[in-house]
Amino acid sequence: MRKKYESIINFINKVIKKQRNIKKIAICNTFYMRSGGRSRVIEQQAKELSNEGYYVTVYALFGEKLRDVEFRQEIVANHVNPYLRPIYMILAPSLPVSIKLIKELRMYDLIITHDGYPFGFWAYLATRHSRAPYIYWYHLPEKLERCFSGLKKYYVMLLQYFDQRSWFVCKADFVIAVSEAAKNDLEKATNLKNVVVIPNKVDYKRFSNEADITQIEKKFGISKEDPIILFVGRISPQKNIHILIEIFNLVKKSIPNAKLVIVGKPSVKEYLEKIKFIANKDVIFTGYIEDNELATLYKMANVYASCSLSESFNLPLKEAQLFNLPIVAFDIPVHKEVTDNGVLIEPGNMEKFAEELCNILKKSVPFHHT
């Protein structure tokens, strides 16, 4: 078996169909929210597989049910109080929902899980009975243990263990990582030697429509004439957005009218409060926005910046290049894989990072330099 494939379709056709006839496929993850990067990957897979004629169901404990998709969706536990969801998630295998889900999953010819727990647990038990193949799709877990103390810290560490080292991950029939960097991380953590890489794909159709520029200017208080630095992603400590804001402050010394636009929802609300406290008036937080608005921001921006020090793929960075947007990012393994048009900076070198941003902004909007 090869170590890298172009897509899930390519992998199924060349590997799995040699072993089993596949008609029904379940794709599973604890959360399914269109605003999340992992959910974007799941949606892309479900669309591709549906277009190939497979009967696809996306399972999640919590999330949103989309109306504009052809595949089936099962959101199992949205009724649970949001504050109780972490407890529910841990206890789920011992609750009645566990029997129900294992029974349902046994009806599928292939199960793909994007988290190790609890769906990895259910997928393993279901496929031991049905003999269907079970794929574990590995995304580098957020390393958030330093952000919390007490029970929250140990909860995060437990989830990381389930995503990397648990027996129901290691015993998957196939383990697939979204990048070479993610593959190396998982192999280092588990000693697995059979991890396959299938890179994430940009869904070009997402950006087929654009919002009116004047509406975007009015909504976010920016102008297409402004020197704009763009970041897209979860508002999370892993994304190192506080460092990006510090770098932006250095840029402002040379280009006072520069704007930093940060697109995304918080995964850690305390972190959002922290970065908003240190941000100046020219840092614009848009929250989650629709794809047509994001397409317009990608077109309006002059440079895309990412200060992440740990990524499984960094899909927005790939999206930015779709719009021929120059990239400045820290030099980490996955950024080497996905960056074609950009500059990679030694991690932690904020002065060099700011210098490169200034160079790009001055070339693209020289008349704004003061």
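The values are calculated or read from the model by the stated rules, or taken from the named source; none is laboratory data. What you are looking at is a predicted structure, and each value in this text was computed from that prediction instead of being measured. Heads up, the Cβs are rebuilt from the backbone with ideal geometry, glycines too, and the neighbour counts pull from every protein chain shown.
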Going by the conditions given, is Val251 out of contact with any Pro (no Cβ under 6 Å at 6 or more places or on another chain), β-branched (Val, Ile, Thr) and crowded, with 19+ Cβ neighbours inside 10 Å?
yes
How many residues are over 23 Å from the mean Cα position of the chain (by Cα) and in a loop (DSSP other than H, G, I, E, B) if we restrict to region 253-285?
8
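Taking Asp68 as the residue in question, decide whether it is surrounded by fewer than 23 Cβ atoms within 10 Å (Cβ to Cβ) and either within 21 Å of the chain's Cα centre (by Cα) or at pLDDT 95 or above (or both).
yes
Across region 175-207, which residue is farthest from Ala258 (Cα to Cα) among those that are assigned to a loop (DSSP other than H, G, I, E, B) and at pLDDT 90 or above?
Across region 175-207, the extreme among qualifying residues is Val195.
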Of the residues in region 344-360, those that are within 21 Å of Lys253 (Cα to Cα) and either modelled with pLDDT under 95 or among the aliphatic types (A, V, I, L, M) (or both) come to Ile345, Gly348, Met350, Ala354, Leu357, Ile360
Going residue by residue through region 303-320, is there one that turns out to be at pLDDT 95 or above, surrounded by fewer than 23 Cβ atoms within 10 Å (Cβ to Cβ) and over 30 Å from Glu187 (Cα atoms)?
no
If you take the residues in region 9-42 that are more than 18 Å from Phe174 (Cβ to Cβ), free of Cβ contacts under 8 Å to residues at least 40 places away in the same chain and not hydrophobic (A, V, I, L, M, F, W, C), which one is surrounded by the most Cβ atoms within 10 Å (Cβ to Cβ)?
Ser39
Flag for Tyr83 being among the aromatic types (Phe, Trp, Tyr), surrounded by 16 or more Cβ atoms within 10 Å (Cβ to Cβ), without any contact (Cβ under 8 Å) to a residue 40 or more places away in the chain and not in a strand (DSSP E or B)
no
Just the residues that are farther than 20 Å from Ile102 by Cβ and under 21 Å from the mean Cα position of the chain (by Cα), please, taken from region 43-62.
Glu43, Gln44, Gln45, Ala46, Lys47, Glu48, Leu49
Identify the residue in region 99-141 that is part of a helix (DSSP H, G or I) and among the basic types (Lys, Arg) and, among all such residues, is modelled with the lowest pLDDT.
Arg128
What is the number of the single condition among (1) of a type outside the set (S, T, N, Q); (2) at pLDDT 95 or above; (3) over 16 Å from Phe174 (Cα atoms) that His79 does not meet?
(2)
Confirm whether Ala354 is in contact (Cβ under 8 Å) with a residue 24 or more places away in the chain, more than 18 Å from the chain's Cα centre (by Cα) and either outside the structural domain of Ala177 (by TED's automatic domain parsing) or surrounded by fewer than 19 Cβ atoms within 10 Å (Cβ to Cβ) (or both).
yes
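If a residue counts only when it is more than 21 Å from Lys239 (Cβ to Cβ), which helices (runs of 4 or more DSSP H) contained entirely in region 291-370 have at least 3 such residues?
291-300, 350-364
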